[in-house]
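Heads up, the thing below is written out as structure tokens.
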């Protein structure tokens, strides 16, 4: 029983640490991360994402920032292309339609939201800035296995997992805060 309680407390502490990072207003402009995204992070295209609710407790911009930063950290630690990771993470959900309305009005033969938004995001990203083949693959396949093609790069698998991890935490933040308050 004592081991279970200790494990639960340890898990809660880890979650709170990560929640703080995800939900934080951490000033990233002094971090090395910022040098990789400084040319796009304040664009009007990304500013539009600040007005769109995403995963219940955040905005689409904050979600993209979360995925970008954590994918960057993981890729940096693994000596992979951290620059591409930061940029693709910031651009991976660069679409503006309401996914709930899209899903409700979906007609037979129309792409699922999972496939559609990643295609739109890569088009919007390419309109905003030059994107490499690696960045393109990361954005197009961040919803794998919902996408038809397999990711081609290690970084693409990392963004896929990081996106899911951030989404789960963003869904859970309000519920955890409610339970613990």
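Between residue 50 and residue 148, what FRET efficiency comes out of the Förster formula 1/(1 + (r/R0)^6) with R0 = 41 Å and r the beta carbon distance, rounded to 0.05?
0.85
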Handout entry: Cβ crowding within 10 Å averaged over residues, with 31-42, 64-75 ranked highest first
Key = 64-75, 31-42
Practice task
Could you order peptides 151-164, 117-130, 81-94 by the average number of other Cβ atoms within 10 Å of their residues, highest first?
Solution key: 81-94, 151-164, 117-130
Practice task
Pop a pseudo-label 7 angstrom from the Cα along the beta-carbon direction at both residue 104 and residue 43 and give the gap in nm to one decimal.
Solution key: 3.1
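Only the coordinates and a few stated rules stand behind these numbers; no lab work does. The structure displayed is predicted, hence computed values, not measured ones. Please note: Cβ atoms are built from the backbone with ideal geometry, for glycine as well, and neighbour counts cover all protein chains shown.
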